[in-house]
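Presented below is the structure to which this report refers.
The values are calculated or read from the model by the stated rules, or taken from the named source; none is laboratory data. Worth saying up front: this structure is predicted, and the values here are computed from it rather than measured. Cβ atoms come from the backbone with ideal geometry, glycine included; neighbour counts cover every protein chain shown. Just the protein is used for accessible areas: all its heavy atoms, side chains included, with ligands, DNA and RNA removed. Shrake-Rupley method; radii C 1.70, N 1.55, O 1.52, S 1.80 Å.
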Amino acid sequence: MDTDELTLKVNNLVRRCKTEEFGVFSYLCLRCHFTCDGRKSLIKHLGSQHSTVLDKLQNDYKDKENFQSTISKLVMSAPFQKQSSKSKDKVSSTEKQDEQESLPLPLRIDVMKKLDERLKSEVDAGGLTGRLARQLGLVFNQDTVNKTAHCLLCKTEVKDLDTTDTSDKNKEFSTGIELISHLTEEHVVFLDNIHTLFPQAKLRLESHTDRALKERTFLPDTSKPTNPTNGAAGQSTPSSCNGKSTENIN
């Protein structure tokens, strides 16, 4: 992997955020929404919380001896995160509502919350990991024998956890890192809903997802409401969780 490729991957991990002081930035980790002041703190965060991702980047990079200095420079020049004023916050809120309404009912945050509240009352729900597994079952079909899963929303699976190439079809996800990476790249609205439901799991979401994949069952919700447009909610899923049109996949 050359520097141009590394740049693209870092840009998928990090955003700079403008502060009130000219020329001073804070940094945002796109994987878990962690924010900090200074690129050194951000790189330290990646090393402690997303070490597998950072290790893979280093192993794939051709100039391993200069990896640390290179990634520091790339973080420093990462794209800016869009910041909104109070007036823009209202627009942003409206946009988020539109994004939710563009999804079929099972994937909307209000319906996911109702499912989670019901799971909390079930004795055998399996705690946080079990509840997370049930939500993931809305998006992923799980092979309970081989402990792998594939995406029902776009039928695209990416084995390389950081690649932006989605042309590699019909492969299986076998780790939590791969699942979260796919959601980050392809279905960010659904991932945001997961962050809302499980705020305590943000920093270790990849680990919780890995346990859910290997120790729990991605059972689909059996009591979904009816979608007046598409009939039973379980009968249609979106081609994307990014506000795009929906298609029947059965």
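Modelled spin-label separation between K202 and D37, with each label point placed 7 Å from Cα along the Cα-to-Cβ direction: 1.9 nm.
Extension gain, S51 to V145, is 31.0 nm, computed as 0.36 nm per intervening residue step minus the present C-alpha separation. For the listed peptides 122-132, 199-209, a ranking on the average number of other beta carbons within 10 Å per residue, highest first, reads 199-209, 122-132.
Residues in the range 1-19 near a label at E65, defined as backbone nitrogen under 19 Å from the 7 Å Cα→Cβ point? Flagged as within label range: 1-3. A Förster distance of 25 Å, applied to the separation of the beta-carbon atoms of L128 and T184, puts the FRET efficiency at 0.80. Note on exposure: F25, F218 ranked by accessible area (1.4 Å probe, complete protein assembly) read F25, F218, with the most exposed listed first.
Remark: the M1-F80 segment gains 26.0 nm on full extension, using 0.36 nm per residue and subtracting the alpha carbon distance.
As a quick test, which of the pairs K73/K202; K56/K214; K9/K62; K44/K202; K113/K202 have an alpha carbon distance above 20 angstrom in this structure? Over 20 Å Cα-Cα: K73/K202; K56/K214.
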